[in-house]
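**Q** Quick one: the structure is below, and I'll ask about it shortly.
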């Protein structure tokens, strides 16, 4: 399963390391093998010494690396070991060469190599003193060799020597570079593997948590759904029995009882609405609100809403108008949900408009969208209240205490915004304090 | 055989487990002159409905022993009663998107959301379904 990952950084690094090593191997082959095949033409340095230097380069680098690893693990300083190693090998090599009587070999090359190695290997804690000593020793050795006639002060010989030294140094540095490339790639790979492991672990943990959260969300949804049903059953009984009592003839109830019953009935209705809205919110937030998208006529829908709310508007003495649209008002939407949105906006408008005011529903075409607006001549919404308008339970206290007789659930506009949003539509409000508000939602033409 | 033939009264079956609501609906519908029979769980509801002869069946969804939708499915699959039942209407408090869409696939003739309706509105809707 996990093998099916796309091209990763690991893979790219493997490739680049491979190509780097490849180039180095080819260069090594050219330097070691070509002089063997064409000894007359290419006289750089003895092939054996080139190969040996290459291997030396690799091995010293690895030696340094191991040293570094061991000492870094213990948290100790290891530069002194490297210094000691350089000094020891310099002394040892010089002594060995003198011992076997090969004084005629250009010894200073070895010193140069030492310096180069330490410089290549030690990016930090460069042992300056050691380098100074080695450099000084090299110069002394060079002068010494010239003095005893080992190096003739002859331009041709000096050039040859320089080429030899350069070739050997090149080989040695290739060795070091190769080893270091391998080491650093290995390190990088280890790092990547480590972080990949960590990442995988974290991903697994997150996946588990996500599954759990989803389960919890489903549980919550189910709980709210069942609770809503369970709550609504007794609420229905209360509402229905209250209604039965309220049907009694006027003589049977005195006005105080009637008022009390009205209030009890209204409160029951509010509770039912709240329970319903909470279920809807739970659905929306659990992304489980299914929309039954069909072609609907917004004007027809508005007619129904008007019929339902006409009595309420009349009771309050509000002039309630439905403007007939100039264009078609067909959209693709969930009839029930959009009806709820329109009903909610209209109900709010009636609620917040004082006696003698005006509430109007009207339509407008804007491009491929049909805009449905509900305007009122209510108190309006102040600028600081605007951002709170479409939030959950964000009733605007002052405006309620002034005008509204029955507070809402505080979820209506939140649900309206979410429902319109699920239809890929938008909802907006324009308002002037003291003048009134216009709520507009737009849906794409069906 | 049908009682409605005797005196023109329509027969309604209410399958509802909640005692208060069952009695309330029975009461208000009987006052309107209907013959009302009731069942308090799915099994009882099924055995009554399977006999046939109801002009309207009001069926709750959440019921003990057998839920309303199971009852509906069983009724659709089972043998047809001698005298066919009239419309079957879901009587529920469940939200619109859940039970009702399932009910629609089982061929319900409509649905009533209990908490949305007053007894008066229930009577009006019942009369509507019975085409009175």
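**Q** Quick check, is residue A:248 on the phi > 0 side of the Ramachandran plot, within 14 Å of another protein chain (Cβ to nearest Cβ) and out of contact with any helix residue (DSSP H, G or I) (no Cβ under 6 Å at 6 or more places or on another chain)?
**A** No.
**Q** If you check B:131, B:125, which single one turns out to be surrounded by fewer than 20 Cβ atoms within 10 Å (Cβ to Cβ), touching a strand residue (DSSP E or B) at 6+ places or on another chain (Cβ under 8 Å) and either farther than 19 Å from residue A:275 by Cβ or modelled with pLDDT of 90 or more (or both)?
**A** Details: B:131 fails: touching a strand residue (DSSP E or B) at 6+ places or on another chain (Cβ under 8 Å).
Going through B:131, B:125 in turn, the sole match is B:125.
**Q** Something else: Whether any residue in the stretch B:18-33 is away from chain A (no Cβ under 14 Å) and modelled with pLDDT under 95 is what I want to check.
**A** Here is the first cut: in the stretch B:18-33, the residues away from chain A (no Cβ under 14 Å) are B:33.
Right, trim to modelled with pLDDT under 95 and you get B:33.
The answer is yes; a qualifying residue exists.
**Q** Another question about this same structure. Against the definition (within 13 Å of chain A (Cβ to nearest Cβ) and part of a helix (DSSP H, G or I)), how does residue B:46 come out, yes or no? Working first, answer last.
**A** Numbers: within 13 Å of chain A (Cβ to nearest Cβ): no; part of a helix (DSSP H, G or I): yes.
In short, no.
**Q** Something else about it: Applying the selection to the stretch B:103-119, what residues are within 9 Å of another protein chain (Cβ to nearest Cβ) and in contact (Cβ under 8 Å) with a residue 40 or more places away in the chain?
**A** B:114, B:119
**Q** Going by the structure shown, is residue A:310 at pLDDT below 85 and away from chain B (no Cβ under 13 Å)?
**A** Values: at pLDDT below 85: no; away from chain B (no Cβ under 13 Å): yes.
Taking the combined requirement at face value, the residue does not satisfy it.
**Q** Being assigned to a strand (DSSP E or B), within 13 Å of the chain's Cα centre (by Cα), within 14 Å of another protein chain (Cβ to nearest Cβ) and at pLDDT 90 or above is the requirement here; does residue B:58 meet it?
**A** On the way: assigned to a strand (DSSP E or B): yes; within 13 Å of the chain's Cα centre (by Cα): yes; within 14 Å of another protein chain (Cβ to nearest Cβ): yes; at pLDDT 90 or above: yes.
So residue B:58 fits the description; yes.
**Q** Going by the structure shown, is residue B:78 in contact (Cβ under 8 Å) with a residue 40 or more places away in the chain and farther than 14 Å from residue B:17 by Cα?
**A** On the way: in contact (Cβ under 8 Å) with a residue 40 or more places away in the chain: no; farther than 14 Å from residue B:17 by Cα: yes.
When the stated conditions are applied, residue B:78 does not pass them.
**Q** Still on this structure, I have one more. Please work out if residue A:235 is in a helix (DSSP H, G or I), within 14 Å of chain B (Cβ to nearest Cβ), over 26 Å from the mean Cα position of the chain (by Cα) and modelled with pLDDT of 90 or more.
**A** On the way: in a helix (DSSP H, G or I): yes; within 14 Å of chain B (Cβ to nearest Cβ): yes; over 26 Å from the mean Cα position of the chain (by Cα): yes; modelled with pLDDT of 90 or more: yes.
When the stated conditions are applied, residue A:235 passes them.
**Q** When residues of the stretch A:253-299 are filtered for being exposed (fewer than 13 other Cβ atoms within 10 Å of the Cβ), more than 14 Å from chain B (Cβ to nearest Cβ) and assigned to a helix (DSSP H, G or I), how many remain?
**A** Of the residues in that region, 5 qualify.
The values are calculated or read from the model by the stated rules, or taken from the named source; none is laboratory data. Computed from a predicted model, the values in this text were never measured in an experiment. Please note: Cβ atoms are built from the backbone with ideal geometry, for glycine as well, and neighbour counts cover all protein chains shown.
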